[in-house]
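Quick one: the structure is below, questions incoming.
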């Protein structure tokens, strides 16, 4: 029992890792397959979370990507990539949008997600992946006005 006047023990708000700053959930997406959704409002310019996975070389990443339809690989440098296929992090389900509400950033070798604008509870979190391993072969299904049409 704590002494009188001693602060109560801090409680963890959830079982999410410390690098997952805002609670999110994964569920079916109108964009593609599964998506990641905000379970709490996210203010503009805040870190939402990170994703971690298997560290591989870019050469291995490109060989793997050539055989996959659903690619979850991020090149973090000219020599290093991260394959997210086996990751348990929910942010790996972040879908592409041509008008995203989030941004993927590589910082000190970490793959981080930040909000570009306020994100409402229940809103799907999206980023513009830019150049992808799909090399224009995959139709974009984001549905955003001005969609580029291919990934």
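FYI, it's all coordinate maths here, none of it is from the lab. Quick caveat, the model's predicted, so the values are computed rather than measured. Positions of Cβ are backbone-derived with ideal geometry, glycine not excepted, and every protein chain shown enters the neighbour counts.
Using the per-residue mean of other Cβ atoms lying within 10 Å as a proxy for protection, in what order, highest first, do the peptides 87-100, 104-117 fall? Before the final figure, lay out each step's value.
Numbers: 87-100: 19.8, 104-117: 15.4.
By packing density, highest mean first, the sequence is 87-100, 104-117.
Evaluate the distance, in nm, between pseudo-label points positioned 7 Å from the Cα of residue 78 and of residue 47 along their respective Cα→Cβ axes.
That separation, rounded to one decimal, is 2.7 nm.
Then there is this: Only helical DSSP H runs with n ≥ 4 go in: add -39500 (n - 2.57) per run for the chain, normalise by residue count and round the 222 nm mean residue ellipticity to 500 deg cm²/dmol. Kindly include the intermediate steps, with their values, before the conclusion.
Numbers: 1 runs with 9 residues, N = 151.
It comes out at -1500 deg cm²/dmol, rounded to the nearest 500.
Between residue 34 and residue 57, what FRET efficiency comes out of the Förster formula 1/(1 + (r/R0)^6) with R0 = 25 Å and r the beta carbon distance, rounded to 0.05? Walk me through the numbers on the way to the answer.
Working: r = 27 Å, r/R0 = 1.10.
E between residue 57 and residue 34, to the nearest 0.05, is 0.35.
Run the numbers on the chain and let me know its relative contact order in percent, using alpha-carbon pairs under 8 Å that are six or more apart. Walk me through the numbers on the way to the answer.
Values: 295 pairs, mean separation 37.6, N = 151.
With pairs under 8 Å counted, the relative contact order is 25 percent.
Testing the spin-label approximation: label points 7 Å from Cα along Cα→Cβ at residue 68 and residue 27. State their distance in nm.
Spacing of the two 7 Å Cα→Cβ label points: 2.6 nm.
Could you check the simple spin-label distance between residue 16 and residue 120, using points 7 Å along Cα→Cβ, in nm with one decimal?
1.9 nm
Could I ask something else about it? Please give the length that would be gained between residue 144 and residue 98 if that part of the chain were fully extended, namely 0.36 nm times their separation in residues minus their C-alpha to C-alpha distance (nm, one decimal). Each step should come with its number before you reach the end.
On the way: separation 46, 0.36 × 46 = 16.56 nm, distance 0.62 nm.
Net length gain for the segment: 15.9 nm.
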